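Enquirer: I have a structure I would like to understand better, so I am pasting it below and will then ask my questions one at a time.
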Amino acid sequence: MDVSIRTGKGQDVTVSAGELDSLRSRLRGPVVTAGEAGYDEARTLWNAMYDRRPAVAVRCAGAADVMQSVRFAAKQGLLLSVRGGGHNIAGNAVADGGLLLDLSGMRSIRVDANAQTVRVEAGARLADVDAETQAFGLATPLGINSTTGVAGLTLGGGFGWLSRRWGLTIDNLISADVVTAEGGLLHASATENPDLFWAIRGGGGNFGVVTSFEFGLHALGPTVLAGLILHPLAAAPETLRFYRDFAERAPDELACWFVLRKAPPLPFLAPEWHGKEILALAVCYSGPQAEGEMLLEPLRRFGQPLADVVAPAPYAAWQTVLDPLLTPGQRNYWKSHDFRRLEDGLIDVFVDFASRIPDPQTEIAFAQLGGAVGRVPSADTAYTHRDGNWVLNVHTRWSDPANDAKCIGWARELFNAATPFATGGAYVNFLTQDEGARVEQAYGSNYNRLLELKNRYDPTNLFRVNVNIRPPISAT
């Protein structure tokens, strides 16, 4: 059957059944259309705000499938989108009416324990990598939700519990295999195609389809000292001021984040606090346990916590602790800022907005960076915002579409109230679909170099379904 597919210029073209059959004959993975087995699985995204329907989905089985599919899309100028884990907040993994490359089946992982490296295919999730690397007592800095895709996380920078000690995910990237806009496969590293290697470390999916990543590993685990310390919202102003001073003196081995939200029905929290506004301090210390116990004692003794469940825990298990709060199928809208310091006025903003959170699933999340992240020169990778010691994620989350306006409005109002305290930077992976005006902010001082490289590697803007760097000689 012939299929109508959208082009990158927004027009529809007819691709004949014969052309699709020819493509199928060159691939190992299936090519599916609406109504066929695997189509809905390929197109479904983590964020239920987006219900997009590509004309054709290629469920890639390996790099060769990606190469053939990219050539097919480029030849006909098709609108191309690329799905790894499907976690992107803006829904950029799938485009309506276009050709979708679904990499979610490419999840092979190979650890070289002697070299302390791991090779990861582009469809792998964080849990896949943690399971394989922790079997050898090794880890690399990734994110905080085990179902997140490694590819999207990495291409935007990537940060998590280990980043203060060992840097961003991209700071641990050794090499990558990249399918270019012409359908060729390049190996990118510090010595091979170094410009491309520089660009994919924070430049998003603008330069090609990465089919595999090679990361450096570090000795870790199997246990870390981690957990939550909970306080009532009424105690948040003084607690956060103490926390700020404590966190600013913390060694790189300690990551100390906080969340303001309505308390979920946690088994260790008294039932009368379920559904009430709380402050949760989340800590992860990756050094020796005895040192961590001593280091965390002042934070744990401060005030009158509602609960303290900091204890030794398997690192791989700690990486899944937030999964129940981040399940797929809910509506999500984010706004984010970078900050150099947690100012008193910013604390007041957070507490004010936390007192009127619009949905029990919504939270104000504040991640601590600095440490090793800030010691990498901003020009060394495409990710440039090395001066941000803190990252805010206004993580608005709800179920009922009738609450869209209320929840999105609250998030935007909080974002605006926090703006005077922010650096002006933006994290690529946190940008929503309506933040096109922040693209240059996201790439910051490296934007012009990224623009030059986009023009070299993808002058027709084939890879446009992303936080897009539009090449100047592109027709669109």
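Enquirer: Run down 263, 270 and say which single residue is of a type in the set (A, V, I, L, M) and surrounded by fewer than 17 Cβ atoms within 10 Å (Cβ to Cβ).
Expert: 270
Enquirer: I would also like to ask the following. Kindly indicate whether residue 61 is part of a loop (DSSP other than H, G, I, E, B), out of contact with any His (no Cβ under 6 Å at 6 or more places or on another chain), in the same structural domain as residue 37 (by TED's automatic domain parsing) and touching a residue at least 40 places away in the same chain (Cβ under 8 Å). Reasoning before the result, please.
Expert: Working: part of a loop (DSSP other than H, G, I, E, B): yes; out of contact with any His (no Cβ under 6 Å at 6 or more places or on another chain): yes; in the same structural domain as residue 37 (by TED's automatic domain parsing): yes; touching a residue at least 40 places away in the same chain (Cβ under 8 Å): yes.
Yes; evaluated as a whole, the condition is true for this residue.
Enquirer: Just to check your reading of the model, which residue among 436, 409, 388 is more than 28 Å from residue 163 (Cα to Cα) and free of Cβ contacts under 8 Å to residues at least 60 places away in the same chain?
Expert: Values: 436 fails: more than 28 Å from residue 163 (Cα to Cα); 388 fails: more than 28 Å from residue 163 (Cα to Cα).
Exactly one residue qualifies, and that residue is 409.
Enquirer: Quick check on my filter: what residues within segment 246-271 are within 13 Å of residue 298 (Cβ to Cβ) and in a loop (DSSP other than H, G, I, E, B)?
Expert: Once the filter is applied, which keeps residues that are within 13 Å of residue 298 (Cβ to Cβ) and in a loop (DSSP other than H, G, I, E, B), segment 246-271 yields 249, 250.
Matching residues to (1) farther than 21 Å from residue 469 by Cβ; (2) surrounded by 18 or more Cβ atoms within 10 Å (Cβ to Cβ):
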residue	(1), (2)
176	no, yes
194	no, no
197	no, yes
202	no, yes
220	yes, yes
227	yes, yes
238	yes, no
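Enquirer: Could you tell me how many of the residues in segment 424-456 are crowded, with 17+ Cβ neighbours inside 10 Å and outside any helix (DSSP H, G or I)?
Expert: 6
Enquirer: Identify the single condition in (1) outside the structural domain of residue 39 (by TED's automatic domain parsing); (2) within 26 Å of residue 329 (Cβ to Cβ); (3) buried (at least 24 other Cβ atoms within 10 Å of the Cβ) that residue 118 does not satisfy, given that it satisfies every other one.
Expert: For residue 118, the exception is condition (2).
Enquirer: Now for a separate question. Can you go through 360, 377 and tell me which one is touching a strand residue (DSSP E or B) at 6+ places or on another chain (Cβ under 8 Å) and not in a helix (DSSP H, G or I)?
Expert: Details: 377 fails: touching a strand residue (DSSP E or B) at 6+ places or on another chain (Cβ under 8 Å).
Being touching a strand residue (DSSP E or B) at 6+ places or on another chain (Cβ under 8 Å) and not in a helix (DSSP H, G or I) holds for just one of 360, 377, which is 360.
Enquirer: Identify the single condition in (1) farther than 27 Å from residue 153 by Cβ; (2) touching a Pro at 6+ places or on another chain (Cβ under 8 Å); (3) not in a helix (DSSP H, G or I) that residue 295 does not satisfy, given that it satisfies every other one.
Expert: The single condition residue 295 does not satisfy is (3).
Enquirer: Being on the phi > 0 side of the Ramachandran plot and either hydroxyl-bearing (Ser, Thr, Tyr) or touching a strand residue (DSSP E or B) at 6+ places or on another chain (Cβ under 8 Å) (or both) is the filter here, so list the residues in segment 124-159 that pass it. So that I can check it myself, show each step before the final result.
Expert: Taking segment 124-159 first, the residues on the phi > 0 side of the Ramachandran plot are 137, 157-158.
If the condition is that a residue be on the phi > 0 side of the Ramachandran plot and either hydroxyl-bearing (Ser, Thr, Tyr) or touching a strand residue (DSSP E or B) at 6+ places or on another chain (Cβ under 8 Å) (or both), then 137 is the only one that fits.
Enquirer: May I ask you to list the residues in segment 386-400 that are surrounded by 21 or more Cβ atoms within 10 Å (Cβ to Cβ) and modelled with pLDDT under 95?
Expert: Residue satisfying the conditions is 388 alone.
Enquirer: Among the candidates 242, 246, which residue alone is hydrophobic (A, V, I, L, M, F, W, C), surrounded by fewer than 18 Cβ atoms within 10 Å (Cβ to Cβ), modelled with pLDDT of 95 or more and within 18 Å of residue 291 (Cα to Cα)? Write out each step before concluding.
Expert: Details: 242 fails: within 18 Å of residue 291 (Cα to Cα).
Checking each option against the conditions leaves just 246.
Enquirer: Restricting to segment 187-245, count the residues that are at positive phi and either part of a loop (DSSP other than H, G, I, E, B) or touching a helix residue (DSSP H, G or I) at 6+ places or on another chain (Cβ under 7 Å) (or both).
Expert: Initial filter on segment 187-245 (at positive phi): 193, 202, 204, 208, 221, 227.
Applying the additional criterion that residues be either part of a loop (DSSP other than H, G, I, E, B) or touching a helix residue (DSSP H, G or I) at 6+ places or on another chain (Cβ under 7 Å) (or both) yields 193, 202, 204, 208, 221.
Count: 5.
Enquirer: Return the residues of segment 178-192 that are of a type outside the set (D, E, K, R), surrounded by fewer than 20 Cβ atoms within 10 Å (Cβ to Cβ) and within 29 Å of residue 219 (Cβ to Cβ); say none if nothing qualifies.
Expert: Going through segment 178-192, the residues of a type outside the set (D, E, K, R) turn out to be 178-181, 183-191.
Among the residues that remain, those that are also surrounded by fewer than 20 Cβ atoms within 10 Å (Cβ to Cβ) are: 183-187, 189-191.
Across segment 178-192, the qualifying residues are 187, 189, 190, 191.
Enquirer: Sticking with this structure for a sec: Tell me yes or no: at least one residue of segment 457-473 is modelled with pLDDT under 95, part of a loop (DSSP other than H, G, I, E, B), aliphatic (A, V, I, L, M) and more than 23 Å from residue 164 (Cα to Cα).
Expert: yes
Enquirer: Also, I was wondering about something else. Look through 149, 157, 203, 184 and report the one residue that is of a type outside the set (A, V, I, L, M, F, W, C) and more than 25 Å from residue 460 (Cα to Cα). If you could, list the steps in order and put the result at the bottom.
Expert: Numbers: 157 fails: more than 25 Å from residue 460 (Cα to Cα); 203 fails: more than 25 Å from residue 460 (Cα to Cα); 184 fails: more than 25 Å from residue 460 (Cα to Cα).
Matching residue, one of 149, 157, 203, 184: 149.
Enquirer: Another question about this same structure. Hey, can you tell me all the residues within segment 457-476 that are more than 20 Å from residue 209 (Cβ to Cβ) and either buried (at least 19 other Cβ atoms within 10 Å of the Cβ) or of a type in the set (Ser, Thr, Tyr) (or both)? Please lay out each step first, then the result.
Expert: Of the residues in segment 457-476, the ones more than 20 Å from residue 209 (Cβ to Cβ) are 472-473, 475.
Matches in segment 457-476: none.
Enquirer: Let me ask another. Can you work out which of the residues in segment 129-152 that are in a helix (DSSP H, G or I) and buried (at least 20 other Cβ atoms within 10 Å of the Cβ) is nearest to the chain's Cα centre (by Cα)?
Expert: Selected residue: 152.
The values are calculated or read from the model by the stated rules, or taken from the named source; none is laboratory data. None of the values given here were measured: they were computed from a predicted structure. So basically every Cβ, Gly included, is an ideal-geometry build from the backbone, and we count neighbours across all protein chains shown.
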